[in-house]
Amino acid sequence: MQRNVKKRQTGLARRHRRVRGKISGTAARPRLCVTRSNNNIYAQVIDDVKRVTICGVSTLGPEFKATGKKSGTVEGAAEIGKIIGKKALDAGVTEVVFDRGGNLYHGRVKAVADGAREAGLKF
């Protein structure tokens with residue numbers, strides 16, 4: 001069992017390095033980075049040139065808890081996308097580059113992207 005976990009982790013790290021080699025956030029178009037675990041999902045808007053996080057949200061935060069959605073579901077991920085979209089727009093960010101973090105663009109990762117687009121972010 002331990003070997004399979006190690007194999008999945010190294011594969012995820014390899015895919016994430018490949019994605020990060022192709023995209024980078026700037027002041028004009030920061031990076032919307034999505035990190036996913038089995039139970040939670042995290043999203044951050046990052047300016048890689050200045051090395052600062054503009055805004056971030058997760059299913060563990062008070063903004064998400066107030067919605068009453070479950071954290072490990074597609075509906076919860078869509079809500080995270082809406083929250084990060086609103087926070088980014090409040091911070092003056094209208095366009096982002098999407099960083100799926102080595103995960104497939106499917107399920108909860110896709111739901112975050114769709115929620116952010118619904119909130120008004122362009123990518």
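The values are calculated or read from the model by the stated rules, or taken from the named source; none is laboratory data. Quantities reported herein were computed from a predicted structural model and do not represent experimental measurements. Every residue, glycine as well, gets a Cβ built from its backbone with ideal geometry; the counts of neighbours run over all protein chains shown.
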| Members of the stretch 63-115 found to be outside any helix (DSSP H, G or I), within 30 Å of THR10 (Cβ to Cβ) and in contact (Cβ under 8 Å) with a residue 60 or more places away in the chain, listed by number | VAL96, VAL97, PHE98, ASP99, ARG100, GLY101, GLY102, ASN103
| query | Counting only residues that are touching a residue at least 24 places away in the same chain (Cβ under 8 Å) and β-branched (Val, Ile, Thr), which one in the stretch 1-30 is surrounded by the fewest Cβ atoms within 10 Å (Cβ to Cβ)? | reply | ILE23
| said: I need a count of the residues in the stretch 31-60 that are out of contact with any strand residue (DSSP E or B) (no Cβ under 7 Å at 6 or more places or on another chain), free of Cβ contacts under 8 Å to residues at least 60 places away in the same chain and under 26 Å from THR94 (Cα atoms). | reply: 5
| request: Of the numbered conditions (1) under 18 Å from ALA119 (Cβ atoms); (2) surrounded by 12 or more Cβ atoms within 10 Å (Cβ to Cβ), ASN103 fails exactly one; give the number of that condition. | output: (1)
| task | Could you tell me whether the stretch 18-27 includes any residue that is part of a helix (DSSP H, G or I) and touching an Asp or Glu at 6+ places or on another chain (Cβ under 9 Å)? | result | yes
| task | Assess whether ILE46 counts as being touching a Ser or Thr at 6+ places or on another chain (Cβ under 8 Å), β-branched (Val, Ile, Thr), part of a strand (DSSP E or B) and at negative phi. | result | yes
| said: If GLU118 meets every condition in (1) surrounded by 14 or more Cβ atoms within 10 Å (Cβ to Cβ); (2) farther than 14 Å from THR35 by Cβ apart from one, which number is that one? | reply: (1)
| Do we find a residue being modelled with pLDDT under 95 and over 17 Å from PHE123 (Cβ atoms) anywhere in the stretch 77-86? | no
| Taking the stretch 34-61 only, how many residues are surrounded by fewer than 18 Cβ atoms within 10 Å (Cβ to Cβ) and not polar (S, T, N, Q)? | 8
